[in-house]
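The values are calculated or read from the model by the stated rules, or taken from the named source; none is laboratory data. None of these values were measured; they are calculated from a predicted model. With ideal geometry, Cβ positions are generated from the backbone for all residues, glycine too; neighbour counts draw on all protein chains shown. Side chains included, ligands, DNA and RNA excluded: accessible areas come from the protein's heavy atoms. Shrake-Rupley method; radii C 1.70, N 1.55, O 1.52, S 1.80 Å.
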Amino acid sequence: MAQEPIYQQLVNEWIELIQKGVVRPGEKLPSVRKACDMHKVSPSTILAAYRALEDRGFIEARPQSGFYVKAAATLPLPRMRKQSIGQPSGEALLDHLEAVLAAQAQEGYIDLSLASPRGSDFYPTTRLKHILNRLTRAQPELATDYPFPPGSARLRRQIAQRVVGWGVVLAPEDLLITNGCTEALQLALRAVCKPGDTVAVESPTYFALIPLFRSLGLTAIEIPTHPNDGMSVDALEVLLAEKRLNAILVQPTVSNPLGSSMPLAAKKRLAELVNHYQVPLIEDTPHAELYYGAITPDAVKAYDQDGWVILCSSFSKALAPGFRIGWMAPGRFLRDTTRLKFASSIAQPRLLEETLAEYLESGGFDHHLRLLRRHFMAQMERLRGFVAERFPAGTRASSPSGGCLLWVELPPQVDTLALFRAALAERITVVPGLLYSPRGRYRNCLRLSCCYPWSDAYERALGRVAGLAAELCEAN
């Protein structure tokens with residue numbers, strides 16, 4: 001067998017040092033000149049090794065300073081792997097989910113898993129309150145007149161203007177206001193599926209979809225999902241060609257729980273496939289506005305030719321969780337979803353719709369988003385660093401493209417359902433990984449959130465979860 005190039009040997013050596021904690025997160029690597037002296041190689045070899053480490057996410061270059069170990073120098077998660085633990089029944093999964101939700105509602109608990117922060121510090125609540133009060137005085141009929149779908153024309157105009165930044169061209173008449181993104185997903189599924197149909201989902205997927213599918217009599221089929229690049233379009237194409245799918249539900253921009261975002265080429269191909277096979281695709285994007293980059297990536301809907309993509313989103317993650325204002329662009333299914341909306345909940349409160357519309361018109365949302373993204377980015381780097389340093393050896397974590405959710409893969413012997421119960425006994429809540437799979441996979445994974453202020457109490461709770469995970473490692 002041919003020997004590896006010298007630069008690759010150096011890469012392997014540095015990775016081992018980083019993973020064993022010999023070189024710790026935040027520490028500076030030797031300068032190129034010093035590394036040349038240490039290893040008796042040329043500057044080009046050292047630079048090739050450092051660039052390879054940078055490409056793989058282990059180190060980062062800082063201008064005028066050098067190369068540093070990243071705060072979360074862990075290997076990226078692999079693609080979905082088969083689980084050796086037996087699969088729980090559908091009822092057992094729902095029981096576990098109910099236990100998690102009940103724990104999250106408890107007073108005095110430290111919740112390390114919520115997908116959006118609690119409290120007014122993270123949202124423009126003062127501004128929203130002033131708008132709400134003024135509208136109540138100036139237009140009291142907003143609180144008394146009965147609303148009907150499709151919802152506020154003023155708000156739908158603002159949404160249509162915002163999604164231009166996602167590459168999507170819509171008229172206000174193409175949109176329907178909903179009770180959060182969850183209702184949008186439900187309306188979309190009811191419009192395109194019937195009981196017994198099969199829907200493709202990412203794996204792991206958003207846990208609330210599991211009871212939703214069950215209530216509608218739908219079967220979920222899990223598609224392998226890369227922690228960075230999202231759902232495998234290759235695997236999806238095989239199922240489409242075999243005519244095994246009635247619909248697809250995917251989070252292609254800042255997914256939950258991985259935080260992955262599909263590359264642009266994959267989104268284009270996905271749109272081409274669903275239009276070719278005429279299988280509806282429900283594009284779930286509640287976290288898209290929290291993408292860490294300067295510009296929100298194009299939606300799959302941007303490349304939809306014949307209306308087979310149903311775009312769903314909300315303002316619950318980034319602006320006003322308590323308002324429960326979501327929306328959808330149903331494409332060719334607009335008439336069906338509007339009728340279903342009227343039959344299920346009629347419409348949303350006009351007063352809240354108009355409050356959001358005026359806030360969006362003021363131009364303050366983009367400034368707010370910049371601050372929120374900046375906060376989440378800093379918190380995420382700190383959380384990944386904490387996991388790398390304090391969780392058991394062999395733990396790996398995702399590298400989210402946005403949002404506040406981190407997917408953590410613990411050593412195989414750790415059952416995170418047991419970890420959830422042990423943490424709950426100490427008034428700490430986490431979400432075990434099996435809830436993110438209809439078949440109960442990911443028993444050694446969990447989802448953490450970094451949306452809260454980094455307080456002593458938060459850090460102590462994280463440290464205790466790390467300690468409990470280590471105890472489970474030793475016990476098994």
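What to note about this one:
- Scanning segment 272-312 for residues that are in a strand (DSSP E or B) and either aliphatic (A, V, I, L, M) or modelled with pLDDT under 95 (or both) yields a total of 5.
- Among the residues of segment 265-272, not a single one is touching a His at 6+ places or on another chain (Cβ under 9 Å) and either among the charged types (D, E, K, R) or open to solvent by 10 Å² or more (accessible area, probe 1.4 Å) (or both).
- Of all residues in segment 5-30 being at pLDDT 85 or above and open to solvent by less than 60 Å² (accessible area, probe 1.4 Å), the one that is nearest to S399 (Cα to Cα): L29
- For beta carbons closer than 8 Å, sequence separation of 6+ or different chains, a first residue in segment 377-395 that is more than 17 Å from R447 (Cβ to Cβ) and a second that is of a type in the set (K, R) and open to solvent by 60 Å² or more (accessible area, probe 1.4 Å), the qualifying pairs are E389/R24.
- Residue ID - nearest to I295 (Cα to Cα), chosen from residues in segment 156-179 that are touching a strand residue (DSSP E or B) at 6+ places or on another chain (Cβ under 9 Å) and in a loop (DSSP other than H, G, I, E, B): V168
- Residue ID - least open to solvent (accessible area, probe 1.4 Å), chosen from residues in segment 172-224 that are in contact with a helix residue (DSSP H, G or I) (Cβ under 8 Å, 6 or more places away or on another chain) and basic (K, R): R190
- Residue within segment 306-323 that is open to solvent by 50 Å² or more (accessible area, probe 1.4 Å) and in contact (Cβ under 8 Å) with a residue 60 or more places away in the chain present: no
- Taking the listed residues R269, R214, the one that is farther than 23 Å from G307 by Cα and in a helix (DSSP H, G or I) is R214, with no other qualifying.
Quick grid of which residues meet (1) touching a Cys at 6+ places or on another chain (Cβ under 7 Å); (2) on the phi > 0 side of the Ramachandran plot; (3) not in a strand (DSSP E or B):
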| residue | (1), (2), (3) |
| --- | --- |
| L360 | no, no, yes |
| H375 | no, no, yes |
| R384 | no, no, yes |
| G394 | no, yes, yes |
| W407 | yes, no, no |
| F420 | no, no, yes |
| Y452 | no, no, yes |
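- Failed condition for S255, given (1) open to solvent by 20 Å² or more (accessible area, probe 1.4 Å); (2) assigned to a loop (DSSP other than H, G, I, E, B); (3) closer than 27 Å to F376 by Cβ: (1)
- Test: S344 is within 18 Å of L176 (Cα to Cα), small (G, A, S), in contact (Cβ under 8 Å) with a residue 12 or more places away in the chain and surrounded by fewer than 22 Cβ atoms within 10 Å (Cβ to Cβ): yes
- Entry remark, segment 37-54: residues being without any contact (Cβ under 8 Å) to a residue 24 or more places away in the chain, within 15 Å of E13 (Cβ to Cβ) and open to solvent by 20 Å² or more (accessible area, probe 1.4 Å) number 2 in total.
- Members of segment 421-473 that are out of contact with any helix residue (DSSP H, G or I) (no Cβ under 9 Å at 6 or more places or on another chain) and open to solvent by less than 30 Å² (accessible area, probe 1.4 Å): Y458, C473
- For segment 225-250, filtering for residues that are polar (S, T, N, Q), closer than 18 Å to R269 by Cα and open to solvent by 10 Å² or more (accessible area, probe 1.4 Å) leaves 2.
- One residue stands out in segment 107-123 among those that are more than 19 Å from L372 (Cα to Cα) and either small (G, A, S) or touching a strand residue (DSSP E or B) at 6+ places or on another chain (Cβ under 8 Å) (or both): the one that is least open to solvent (accessible area, probe 1.4 Å), namely D111.
- Pair list, Cβ < 9 Å and 6+ apart or interchain, from segment 419-433 residues that are in contact (Cβ under 8 Å) with a residue 40 or more places away in the chain to residues that are crowded, with 17+ Cβ neighbours inside 10 Å and among the acidic types (D, E): I428/D111; T429/D111; V430/D111; P432/D415; G433/E409
- Conditions (1) closer than 16 Å to A329 by Cβ; (2) over 16 Å from the mean Cα position of the chain (by Cα); number of the one not met by T253: (2)
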